[in-house]
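Read-outs throughout are calculated quantities, based only on the coordinates presented, and are distinct from any laboratory measurement. In this text the structure is predicted, and so the values were computed from the model without any measurement. All Cβ positions, glycine included, derive from the backbone under ideal geometry; neighbour counts span all protein chains shown.
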Amino acid sequence: MSYLDDPRVFFAAERTLLAWNRTSLALIAFGFVVERSGLLLELLRPEALNDAEVRLQMALGVALLLGGAVCALWSSWQYRRVIRQLRPVEIPEGYTVSAGPLVNLLVALIGLALAGYLLFY
């Protein structure tokens, strides 16, 4: 890929993965807030929301949650593709390359579990 014999290429890929991880977390958090905002509105003004609006809020919130989970999975897949193209000299000796994707996988599983909880409970 780079042929620079420079570990900074690896660290740039890892920083990109972590930036996508933050994006995934933000989407999941925003989806949860959107989905749960209906409860706040219902407490403040019970007559303000009808069933269609509640369903729309739930659909948008769950869509954002699922989007965050997909973002985490996709970025892990992209990172793995980049790492496979690097030469061993570009990865620092003894450095674990699987920690970032494992964290993203955990974020994706939490996002999917939260979406499932909001949909079915």
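Can you find, among 121, 25, 7, the residue farthest towards the positive end of the dipole of the chain? Put +1 on the C-beta of Lys and Arg, -1 on that of Asp and Glu.
7
Taking all pairs of different Cα atoms in the stretch 56-105, averaging 1/r and flipping that mean, what Kirkwood radius in angstroms comes out?
So the Kirkwood estimate lands at 12.7 Å.
As a check on your grasp of the helix formula, calculate [θ] at 222 nm for the chain: sum -39500 (n - 2.57) over DSSP H runs of n ≥ 4, divide by the residue count, round to the nearest 500.
Per the formula, -28000 deg cm²/dmol.
Within 10 Å of each candidate Cβ there may be at most 12 other Cβ atoms; applying that plus a DSSP loop requirement, which GluC sites (Glu not before Pro) in the stretch 13-121 survive?
When the GluC sites (Glu not before Pro) of the stretch 13-121 are filtered for loop state and at most 12 Cβ neighbours within 10 Å, 47, 93 remain.
Restrict the search to the stretch 70-108; then list the chymotrypsin sites (Phe, Trp or Tyr not before Pro) that DSSP places in a loop and that have at most 13 other Cβ atoms within 10 Å of their Cβ.
Those satisfying the criteria are 95.
Volume per residue, Å³, of the convex hull around the alpha-carbon atoms of the stretch 1-85?
70 Å³
What do you get for Rg/Rh over the stretch 40-82 if you use C-alpha atoms and the Kirkwood form of Rh?
Here the Rg-to-Rh quotient is 1.33.
Net charge near residue 21, counting Lys/Arg +1 and Asp/Glu -1 over other residues with Cβ under 11 Å of its Cβ?
Neighbour charge sum, excluding residue 21 itself: +1.
Pick from 101, 92, 46 the residue whose mean-square fluctuation is largest in a GNM of the chain, springs joining Cα atoms under 10 Å.
The residue that fluctuates most here is 46.
Counting Lys +1, Arg +1, Asp -1, Glu -1, what net charge surrounds residue 102 among other residues with beta carbon under 14 Å of its beta carbon?
Overall, the nearby charge balance is 0.
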